[in-house]
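To start, the structure under review is shown below, and the notes come after it.
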Amino acid sequence: MTATAKPQTLAQKLIARASNRPAVAPGEIVTCKVDLAMMHDSGGPRRVKPMLEKLGAKVWDPAKVVVITDHYLPAYDDESRRIIHIARHWAADAGVQNFYDGQGICHVVLPERGHLRPGMFAVGGDSHSPTGGAFAAYMFGVGATEMLGVLVTGEIWLKVPHTILMDFDGALQAGVSAKDVMLFLIGRFGLDGGQYQAVEYRGPAIRELPMQERMTLCNMTAELGGQTGLIASDEITNEFLKLKNTEAWEGDHDAPVLAHHRFDAAGLAPQVAAPHSPANSKAVDEFGDVNPTLAYIGACTGAKLADLRMAASVLKGRKSRMRLLVAPASLRDQKTAEDEGTLQILLDAGAELLPNACGICAGYGEHLLPENMVAISTTARNFKGRMGAASSQVYLASPYTVAATAVAGRVCDPREFFQ
């Protein structure tokens, strides 16, 4: 079946542009030109360098490649130092000027440094690459072999996905965030609810979200099982990216979709996911008997500037009753948080400041969870053993809920602090 002039979803429009076609239809296989390829130290140069050398191939366009170190920092043993060394030297040898060393987590640094804009088609060497969809860019994660093909040819084939619409009417309550929206959706539809299609988030509640909250939605489309998450661009997008007079990228209102789900944002309670899956999500009031001993505010989906501000709004003037670790997602966000006083609020509450890196979310570093520890975390995943000992128990929640729990000494509804 070939595409016709039928109404197109946002995903179809983005893919049509990348494949140089007027329109595409779900199920078609097309070849897309890649506007940007992002890699980090873990899945990037150390994987693709030997394959490129074996082929005797060069990078098709170094200006369209971004390399960011974030997984193996701070390097503290020979293996991590070797991995970081490879990333640094390969970027220089390949002529990649867009190299960000120790500046923060890739999914946050990439848009922060102006590498994403509406209408783009991008790939990333990490499963949370759908974060780029918050900017109305089609972005998804690929493995090292697919990335090799992109680096050599500048192209990738794609089966045009169907779109699943997640529509949120009304407005979120104070103390409820995008993380709660995603945990609710994952709890409702499961880890394969996205069916490896394009999941688009719409509705008044979504339009009101600031960019970094939109990033959280699209980021955790990975846990929902979608190929990418998308949000149409608007003035909030343009303001974040400092763009002017930019055409809005949005789908046609009457474009056919695979499924359309509508929810009342005002009725959404804060969510918590029990071990060992984000799909074990329920309303926060079902976890009142859980008493963590560690609160962790970190990761690409839980320690951006917006996330730090959420936590600070609860922690201001209060003390944590448990160990509280904070790993800001980027150096720039940490600097802004410091300048505006947000970081000091967290420190005054007893927070220990960790480096701007993936850290224990990626199962790396000196703060991995010990045996039998119970933790509450802003990370995207709580799979068994991912953040440390297999016997540890990790509960997922928003920065609001993690901060409220730290203050209360038990899993706590953050709305209690906004009454």
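The values are calculated or read from the model by the stated rules, or taken from the named source; none is laboratory data. Since we're looking at a predicted model, the values are computed, not measured. A quick note on method: Cβ atoms are made from the backbone with ideal geometry, for glycine too, and the neighbour counts reach across all protein chains shown. The protein model used for the area step is the full one, side chains on, heavy atoms only, and it has no ligands, DNA or RNA in it. Shrake-Rupley method; radii C 1.70, N 1.55, O 1.52, S 1.80 Å.
Observations on the model:
- Within this structure, TYR72 fails the test of being aromatic (Phe, Trp, Tyr) and exposed (fewer than 15 other Cβ atoms within 10 Å of the Cβ).
- Hits in segment 1-26 (condition: part of a loop (DSSP other than H, G, I, E, B) and open to solvent by 40 Å² or more (accessible area, probe 1.4 Å)): MET1, THR2, THR4, ALA5, LYS6, PRO7, ASN20, ARG21, PRO22, PRO26
- Matching residues, segment 64-86, being over 18 Å from HIS367 (Cβ atoms) and polar (S, T, N, Q): THR69
- ILE84 being surrounded by 16 or more Cβ atoms within 10 Å (Cβ to Cβ), out of contact with any helix residue (DSSP H, G or I) (no Cβ under 6 Å at 6 or more places or on another chain), free of Cβ contacts under 8 Å to residues at least 60 places away in the same chain and within 14 Å of GLY43 (Cα to Cα): yes
- Members of segment 397-416 found to be open to solvent by less than 50 Å² (accessible area, probe 1.4 Å), part of a helix (DSSP H, G or I) and within 12 Å of ALA174 (Cα to Cα), listed by number: TYR400, THR401, PRO414
- None of VAL59, VAL34, VAL67 is touching a residue at least 40 places away in the same chain (Cβ under 8 Å) and open to solvent by less than 10 Å² (accessible area, probe 1.4 Å) except VAL34.
- Segment 186-195: number of residues that are surrounded by fewer than 24 Cβ atoms within 10 Å (Cβ to Cβ) and more than 10 Å from ILE164 (Cα to Cα): 6
- Selection within segment 155-185: residues that are touching a helix residue (DSSP H, G or I) at 6+ places or on another chain (Cβ under 8 Å) and more than 28 Å from GLN419 (Cα to Cα). The member of this set that is surrounded by the most Cβ atoms within 10 Å (Cβ to Cβ) is MET166.
- Strands (runs of 3 or more DSSP E) completely within segment 291-376 that count 1 or more residues being without any contact (Cβ under 8 Å) to a residue 60 or more places away in the chain and open to solvent by 20 Å² or more (accessible area, probe 1.4 Å): 323-326, 351-353
- Residues satisfying the stated conditions in segment 94-108, i.e. over 11 Å from the mean Cα position of the chain (by Cα) and crowded, with 24+ Cβ neighbours inside 10 Å: GLY104
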